[in-house]
1. Of a type in the set (Lys, Arg) and either touching a Lys or Arg at 6+ places or on another chain (Cβ under 6 Å) or at pLDDT 95 or above (or both): is that true of Arg197 in this structure?
2. Look through the range 169-188, keep the residues that are among the polar types (S, T, N, Q) and modelled with pLDDT under 90, and return whichever of them is surrounded by the most Cβ atoms within 10 Å (Cβ to Cβ).
3. List the residue pairs whose Cβ atoms are under 7 Å apart, where the first residue sits in the range 59-85 and is more than 19 Å from Phe206 (Cα to Cα), the second is of a type in the set (S, T, N, Q) and assigned to a loop (DSSP other than H, G, I, E, B), and the two are 6 or more positions apart or on different chains.
4. Give me the pairs, please: first residue somewhere in the range 166-192 and without any contact (Cβ under 8 Å) to a residue 60 or more places away in the chain and under 17 Å from Gly147 (Cα atoms), second residue anywhere and of a type in the set (Phe, Trp, Tyr) and surrounded by fewer than 19 Cβ atoms within 10 Å (Cβ to Cβ), beta-carbon distance under 9 Å, and either six or more positions apart or on two chains.
5. I'm trying to understand the selection: among the residues of the range 88-141, which are on the phi > 0 side of the Ramachandran plot and in contact (Cβ under 8 Å) with a residue 40 or more places away in the chain?
6. Taking into account only those residues within the range 145-161 that are touching a helix residue (DSSP H, G or I) at 6+ places or on another chain (Cβ under 8 Å) and in a strand (DSSP E or B), which is surrounded by the most Cβ atoms within 10 Å (Cβ to Cβ)?
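The values are calculated or read from the model by the stated rules, or taken from the named source; none is laboratory data. Keep in mind it's a predicted model, so treat the numbers as computed, not measured. Backbone-built Cβ (ideal geometry, glycine too); neighbour counts: all protein chains shown.
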Amino acid sequence: MKRLVIAITAIALSLTVSAQTTARRTAAQTTARRTAAQTTATATQARKVLDKTAAVVGNSSGATANFSMSGKYGKSSGTISIKSNKFMARTSQGIVWFDGKTQWTYVKDNEEVNVTTPNEAERQAMNPYQFITIYKTGFNMSLKTVGGNYQVHLTAQNKKRTIQEMYILINKSSYKPSQVKMRQSNGWTTINISNFRKATLPDAMFRFNAKDYPNAELIDLR
């Protein structure tokens with residue numbers, strides 16, 4: 001009789017432990033599903049915010065703004081003109097033109113013009129609105145509210161991508177970005193943006209015109 005009681009007690013204990021394990025597993029699975037659903041929801045919201053921002057910033061006729069930058073590429077400030085994936089940035093040190101493929105960088109001090117084909121991070125460093133053309137593929141994204149702004153967080157799915165992480169601060173009313181922070185392998189760069197204005201800009205202003213700089217030395221680094 002004693003052995004029977006011990007056996008029944010052991011079976012009951014085993015069933016209790018099994019039930020508790022199953023309950024914990026079910027709870028963990030429910031939490032995981034809930035977390036996955038929340039992640040998917042915030043990613044969808046982040047994409048919607050960026051889509052609206054891209055529609056505002058990506059005005060087909062063009063736009064202008066002021067910017068200041070600090071980080072990997074040092075510190076600088078100036079004005080930028082954009083149109084689609086083209087841009088022209090002016091600072092006290094020089095001027096940068098990008099026509100969607102080729103970049104010309106005019107350095108005032110030595111009157112040199114360096115011709116390059118910039119990578120994604122280099123374009124983002126000079127054009128704070130570059131994110132509107134790169135967020136659609138290859139990034140995980142999330143969204144939270146910071147004061148009167150949305151903060152979109154992008155993380156690269158490919159660890160070899162030149163831009164590994166970005167934070168974009170976007171006004172909730174106007175959908176205009178006010179700050180872009182990006183991380184590369186060697187650190188962060190922060191770009192602050194202000195005075196965004198729509199404009200009608202010709203394509204020619206995004207290409208270097210040698211006639212305007214007759215004394216400049218052209219150095220092709222492509």
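1. So Arg197 does not fit the description; no.
2. Gln184
3. That search, which allows pairs on different chains as well, returns Lys72/Asn186; Ser76/Gln93.
4. Hits for this filter: Gln179/Tyr167; Val180/Tyr167.
5. Gly100, Glu111
6. Step one: of the range 145-161, the residues touching a helix residue (DSSP H, G or I) at 6+ places or on another chain (Cβ under 8 Å) are 150, 152-154, 161.
If we keep only those that are in a strand (DSSP E or B) as well, we get 150, 152-154.
On the way: Tyr150: 23, Val152: 26, His153: 17, Leu154: 22.
Across the range 145-161, the extreme among qualifying residues is Val152.
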